[in-house]
1. Tell me, yes or no, whether segment 87-107 has at least one residue that is basic (K, R), in contact with a Lys or Arg (Cβ under 7 Å, 6 or more places away or on another chain) and touching a residue at least 40 places away in the same chain (Cβ under 8 Å).
2. I need a count of the residues in segment 108-123 that are touching a residue at least 24 places away in the same chain (Cβ under 8 Å) and charged (D, E, K, R).
3. With surrounded by fewer than 20 Cβ atoms within 10 Å (Cβ to Cβ) and modelled with pLDDT of 95 or more as the only criterion, which of K7, K63 stands out?
4. For T46, work out the one condition from (1) more than 14 Å from K88 (Cα to Cα); (2) surrounded by fewer than 22 Cβ atoms within 10 Å (Cβ to Cβ); (3) in contact with an Asp or Glu (Cβ under 9 Å, 6 or more places away or on another chain) it doesn't fulfil.
5. Restricting to segment 71-124, and then to whatever is under 17 Å from the mean Cα position of the chain (by Cα) and small (G, A, S), can you tell me which residue is modelled with the lowest pLDDT?
6. Only one of (1) farther than 17 Å from I130 by Cβ; (2) in contact with a Lys or Arg (Cβ under 6 Å, 6 or more places away or on another chain); (3) without any contact (Cβ under 8 Å) to a residue 60 or more places away in the chain; (4) among the hydrophobic types (A, V, I, L, M, F, W, C) fails for A65. Which number is that?
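The values are calculated or read from the model by the stated rules, or taken from the named source; none is laboratory data. Being a predicted model, the structure only gives us computed values, none of them experimental. When we count neighbours, we look across all protein chains shown, and the Cβ atoms used for this are built from the backbone with ideal geometry, even at glycine.
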Amino acid sequence: MNYWLVKQEPDSYSFDDFVADKRAAWTGVRNYQARNNLRAMKKGDTALYYHSNIGKAVVGIAKVAKEAYPDPTAKEGDWVAVDLVPEKALKRPVTLDEIKTHKTLSEMVLVKNSRLSVQPVTKAEFDQIIALAK
């Protein structure tokens, strides 16, 4: 199993919205590196759900329910989407500022390339964030 982090602006589509919908097509990604990360996702992989822009915090956990398929919102190009389902909200959000204070998380893509909307996370990074949320 692989681990990922997906970003969403909470005023556009919050984790609560995601939970209410029970499933979401992760569409609209128009960055090649993020697209390649979507392509690498496998059914059953786990993703941290990150509120970007407002809050800047990991707030929940999702699972990949359907692997990469052509993005129905793309008018042209070779863009893909995946389907995600919510697993659970974190007991407390883990903020970007908090993540930056932990040496064990200093190499996270989130810290090094904060603009990337879909990014890999190591198991150790995932476990550390879950521990911080308790």
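1. yes
2. Count: 1.
3. K63
4. Only one criterion is unmet by T46, namely (1).
5. In this case the residue turns out to be S114.
6. Unmet condition: (2).
Results for (1) out of contact with any Phe, Trp or Tyr (no Cβ under 8 Å at 6 or more places or on another chain); (2) not acidic (D, E), shown as yes or no for each residue.
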{"site": "D16", "(1), (2)": "yes, no"}
{"site": "A20", "(1), (2)": "yes, yes"}
{"site": "V29", "(1), (2)": "no, yes"}
{"site": "A47", "(1), (2)": "no, yes"}
{"site": "A57", "(1), (2)": "no, yes"}
{"site": "I61", "(1), (2)": "no, yes"}
{"site": "E67", "(1), (2)": "yes, no"}
{"site": "L84", "(1), (2)": "no, yes"}
{"site": "E87", "(1), (2)": "yes, no"}
